[in-house]
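Trainee: Below you will find the structure I want to go over with you.
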Amino acid sequence: MKNWFIYIILIISISACSKESEPDTETYEPTPLSLNIPEIFKNNIIPPVIPINNQLTVQGVALGKKLFYDKKLSGDQTMACASCHSPQHAFTDNTSTSAGIDGTFGDRNSMPLFNLAWNYNERFTWDGEELSLERQALEPVQNPIEMHSDWDNVVDRLQSDAEYPELFRLAFKTSIITKELTTKAIAQFERTLISANSKFDKFSLGQAILTPQEQNGLNVFMDEDRGDCFHCHGNPNNPLWTDNSFHNNGLDATFTDLGLGSVTGDENDNGKFRSPSLRNLAYTAPYMHDGRFETLDQVIEFYSTGLQDSETIDPLMKKVEFGGVNLSEEDKADLKAFLLSLSDPSFLTNPDFQE
């Protein structure tokens, strides 16, 4: 009887010690993180979209940043998200289309990543196929042209890593890694990529002065008889500088890439692509969904003289029958100067976004 009593006491003691050594997952909570929303955004647009089931935390963003730069996500461990979304290029790259781990180039230009939390319709990529940042982050990993990996293999690789299980526990209160939690963390980091410190932002806040050339460029941009750019790309009251909607802007008379039409199956959507933000154009060449224009001068010349008519041409392309808006050389130069004033050099070097 005495031996049984000693045995029971021993079991209780071992159990108590074991519980003390385990993390208290019932009371632990990740540290909430609020986005540092720029004044220019607070003054002009509604708050960002943060999913209820993926609120930002300090630990979640830190984990997402580590994953974003980690080559373990690719099939042969040679490519990370950052390989095609580099901070020095405003989180895109400098090629027309991007090559994956096998050296095969895709069909689309890598979109820059910033101010994604203000994409209110939650449709991402050039054709709007992905309906959240979390879903968007799934695709490149398993895409055979891009990272050419398998999510089961990626999860196994992360689970066996010396650091990741604990990092996932800190971020999501579980050390069991899944692809859903992995993309949630990446999406958290991506929502912190905010760019709002350009010369024009400072001008809008009364902290800088535009040159006469930049001011006339803004006038060209806003003038329906000249640039007529603001319908798709906003105005000084929309500091996103995009409507995040989908337009056929007259690039082609016939389509090899159907864009939004390939997603919706609606022929009326053929040739429509998401309007990119005009921010950071100084760093994001080449331009358009297929990277066909190497310079900003070529983009401006296209809208001036190169529009192509088609059945789904956007009604906003009002001068397509004339080939475009036919800007003078002075207006072209001034428009370019204004567009470059939307670039934010501090975004490229923000230490919060660097590896």
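Trainee: Which ³J(HN,Hα) values, rounded to whole Hz and listed in residue order, are derived for region 255-268 from phi using the Karplus coefficients 6.51, -1.76 and 1.60 in 6.51 cos²θ - 1.76 cosθ + 1.60 with θ = phi - 60°, glycine and proline given as x?
Mentor: Per-residue couplings from phi come out as 10, 8, 10, 7, x, 4, x, 6, 8, 8, x, 9, 4, 5 Hz.
Trainee: A further question follows. Return the long-range amide H neighbours of GLY259 (sequence gap of 5 or more, or a different chain), with a cut-off of under 5 Å between placed amide H atoms.
Mentor: GLY271
Trainee: While we're on this one: Could you please state how large a percent of the accessible area of region 247-355 is carbon and sulfur, counting protein chains only and using a 1.4 Å probe? Intermediate results must be reported in sequence, preceding the final value.
Mentor: Values: 2560 of 5110 Å².
For region 247-355, the apolar C and S fraction of the accessible surface comes to 50 percent.
Trainee: Magnitude of the Cβ-charge dipole of the chain, K/R +1 and D/E -1, about the Cα centre, nearest 20 debye?
Mentor: Working: 27 positive and 53 negative charges, 277 e Å.
So the magnitude is around 1340 debye.
Trainee: Among the listed pairs LYS42/LYS332; LYS65/LYS202; LYS65/LYS272; LYS42/LYS318, which have their C-alpha atoms separated by more than 30 angstrom in this model? Please report the intermediate quantities before stating the final value.
Mentor: Working: LYS42/LYS332 32 Å; LYS65/LYS202 28 Å; LYS65/LYS272 32 Å; LYS42/LYS318 33 Å.
Too far apart for the 30 Å limit: LYS42/LYS332; LYS65/LYS272; LYS42/LYS318.
Trainee: Scan region 154-261 for GluC sites (Glu not before Pro) in coil per DSSP, keeping those whose Cβ has at most 10 other Cβ atoms within 10 Å, and list them by number.
Mentor: Working: sites: GLU163, GLU166, GLU180, GLU190, GLU214, GLU224; in loops: GLU163, GLU224.
For GluC sites (Glu not before Pro) across region 154-261 that sit outside H, G, I, E and B with at most 10 neighbouring Cβ atoms in 10 Å, the list reads GLU163.
Trainee: Something else: Would you tally the net charge around THR256, using a Cβ to Cβ cut-off of less than 10 Å, leaving THR256 out, and scoring K and R as +1, D and E as -1?
Mentor: On the way: positive: none; negative: ASP107, ASP252, ASP257, ASP290.
Once all neighbours under 10 Å are counted, the net charge is -4.
Trainee: Sticking with this one: Per residue, what accessible area does the chain have, given a 1.4 Å probe and all protein chains present, in Å²? Each step should come with its number before you reach the end.
Mentor: Values: 17510 Å² over 355 residues.
Per residue, the chain has an accessible area of 49 Å².
Trainee: Let me see the P(r) profile for region 199-355: every Cα-Cα distance counted, bins of 10 Å, each bin given as a percent of all pairs.
Mentor: All Cα pairs, binned at 10 Å, distribute as 11, 37, 35, 14, 3 percent.
Trainee: Moving on. List the GluC sites (Glu not before Pro) within region 237-320 that fall in a DSSP loop (any state other than H, G, I, E or B) and whose Cβ has at most 14 other Cβ atoms within 10 Å. Numbers along the way, then the final one.
Mentor: Details: sites: GLU267, GLU294, GLU301, GLU311; in loops: GLU294, GLU311.
Within region 237-320, the qualifying GluC sites (Glu not before Pro) (loop, at most 14 other Cβ atoms within 10 Å) are GLU294, GLU311.
Trainee: Cα atoms only, the chain: Rg and Dmax in Å?
Mentor: Radius of gyration, then largest Cα-Cα span, for the chain: 24.5, 103 Å.
Trainee: When 1/r is averaged over all different Cα pairs and the result inverted, which Kirkwood radius in Å belongs to region 88-145?
Mentor: Values: mean 1/r = 0.0802 Å⁻¹.
Averaging 1/r across every pair of different Cα atoms and inverting gives 12.5 Å.
Trainee: Using 0.36 nm per residue of separation minus the Cα-Cα distance, give me the extension gain between PHE322 and GLU301 in nm, one decimal. Present the calculation step by step, with values, prior to reporting the outcome.
Mentor: Working: separation 21, 0.36 × 21 = 7.56 nm, distance 1.32 nm.
Stretched fully, the PHE322-GLU301 segment lengthens by 6.2 nm.
Trainee: For region 198-347, what is the relative contact order in percent, using Cα pairs closer than 8 Å and at least 6 residues apart in sequence?
Mentor: Numbers: 243 pairs, mean separation 47.5, N = 150.
Once normalised by length, the contact order is 32 percent.
Trainee: In deg cm²/dmol and to the nearest 500, what is the mean residue ellipticity at 222 nm of the chain if only DSSP H runs of at least 4 residues count, each as -39500 (n - 2.57), divided by the residue total?
Mentor: Working: 15 runs with 135 residues, N = 355.
Computed mean residue ellipticity for the chain: -10500 deg cm²/dmol.
Trainee: Given the alpha-carbon gyration tensor of region 206-299, what are the semi-axes of its equivalent ellipsoid in whole angstrom, ordered largest first, with each equal to the square root of 5 times an eigenvalue?
Mentor: Details: eigenvalues 155, 43, 32 Å².
Taking √(5λ) for each eigenvalue gives 28, 15, 13 Å, largest first.
Trainee: Going 7 Å from the Cα of ASP223 toward and past its Cβ, which residues in region 309-339 have a backbone nitrogen under 14 Å from where you end up?
Mentor: Taking a point 7 Å out along Cα→Cβ of ASP223, the residues of region 309-339 whose backbone N falls under 14 Å are 325-336, 338.
Trainee: Evaluate the distance, in nm, between pseudo-label points positioned 7 Å from the Cα of ASP76 and of ALA162 along their respective Cα→Cβ axes.
Mentor: So the label points at ASP76 and ALA162 sit 2.7 nm apart.
Trainee: A follow-up question, please. Given THR305, GLN59, PRO87, which one lies farthest toward the positive end of the charge dipole of the chain, if we put +1 on the Cβ of every Lys and Arg and -1 on the Cβ of every Asp and Glu?
Mentor: Projecting each Cα onto the dipole axis, the largest value belongs to GLN59.
Trainee: Which aspartates and glutamates have a Cα less than 16 Å from the Cα of LYS319, not counting those fewer than 8 places away in the same chain?
Mentor: Candidates past the 8-residue exclusion: ASP223, GLU224, ASP225, ASP228, ASP252, GLU301, ASP309, GLU311.
Trainee: Which far-off residues, 5 or more places away or on another chain, put their amide H under 5 Å from the one on GLU130, with H placed in the peptide plane?
Mentor: Amide H neighbours of GLU130: PHE124.
Trainee: Can I ask one more? Could you check which residue among SER328, SER110, SER262 shows the biggest mean-square fluctuation in a GNM of the chain with a 10 Å Cα cutoff?
Mentor: Judging by the Gaussian network model, the answer is SER328.
Trainee: Post the alpha-carbon centroid distance, region 264-306 to region 109-151, in whole angstrom.
Mentor: 18 Å
Trainee: Then there is this: Give me, ordered by chain and number, the residues 5 or more places off THR57 or on other chains with an amide H under 5 Å from its own placed amide H.
Mentor: Excluding prolines and chain starts, which carry no amide H, the hits are LEU33.
The values are calculated or read from the model by the stated rules, or taken from the named source; none is laboratory data. Bear in mind the structure is a predicted one, so any value in this text is a computation, not a measurement. As a convention, Cβ positions derive from the backbone with ideal geometry for all residues, glycine included, and neighbour counts pool all protein chains shown. We work out accessible area using only protein heavy atoms, side chains counted, and drop any ligands, DNA or RNA first. Shrake-Rupley method; radii C 1.70, N 1.55, O 1.52, S 1.80 Å.
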